[in-house]
1. Taking amide H positions as placed in the peptide plane 1.01 Å from N, state which residues far from Lys107 in sequence (5 or more) or on other chains have amide H under 5 Å from it.
2. Beyond a 22 Å Cα-Cα separation, which of these cross-linked pairs lie in this structure: Lys107/Lys129; Lys129/Lys183; Lys146/Lys183; Lys107/Lys183?
3. Over the range 105-200, consider all pairs of different Cα atoms and compute the Kirkwood hydrodynamic radius from their mean reciprocal separation; express it in Å, one decimal.
Amino acid sequence: MSLFNPMKAIDAFLFTKCDDFKKNSTYQKMADFNSTIEHDSRDLFNFLLSALFFIIPIALTLFLFLKNSAIKSNIAKREQVAQEAEKFLAIKSKTLSILKPVLSNPKINNQNDLLNQIKSVAGQLPSSKIQITNFEMAELGEGLSKVQANITFEGAYNRNLAQFIENLANRKKVLFVGSRITKNVETDLLSGIIKIVHFSK
């Protein structure tokens, strides 16, 4: 149904009522009264009748039309908001599904939390010689946090460092973004920095 179909129905209703009113005895009395009054007064009276039977219905029709347009505009805005919300939820769901393989638990809230989690998988690596530097944390919403930091270590043998890195990746789901490792030729021990990214919720 088009937008103007309800208006046509209203117009038909109003004209029908006008025709019915003309058949009424009250209308005949008004017509008789109109024929008895003077010309100037008759013009004023006719104008008032025109306002009553035409201007007022037109104004009412216009009001209904504008109200209908406002309602349609409001519905369109609500539909747009709903579509944007659906897009947001779809993006959120996709993002979480992508992050799920690298999402760790429990959530990291500060630098000490991260240090404790790192030391818990140190294995044979001296935990007293593991530190966290350049700690940065960002809340991504919905309880999701992202941490960027450097792990510094000293006194590690090759096999111990390899096991430590494997534990970080598999058990703590740490992502490695860079490293700088040096070897002491006299002691055969490794020291250095491992740059990581870590997501938790």
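Each value in this text was obtained by applying a stated rule to the coordinates, not by laboratory testing. Since the structure is predicted, the reported quantities are computational estimates derived from the model, not experimental observations.
1. Lys201
2. Lys107/Lys129; Lys146/Lys183; Lys107/Lys183
3. Kirkwood hydrodynamic radius for the range 105-200: 13.6 Å.
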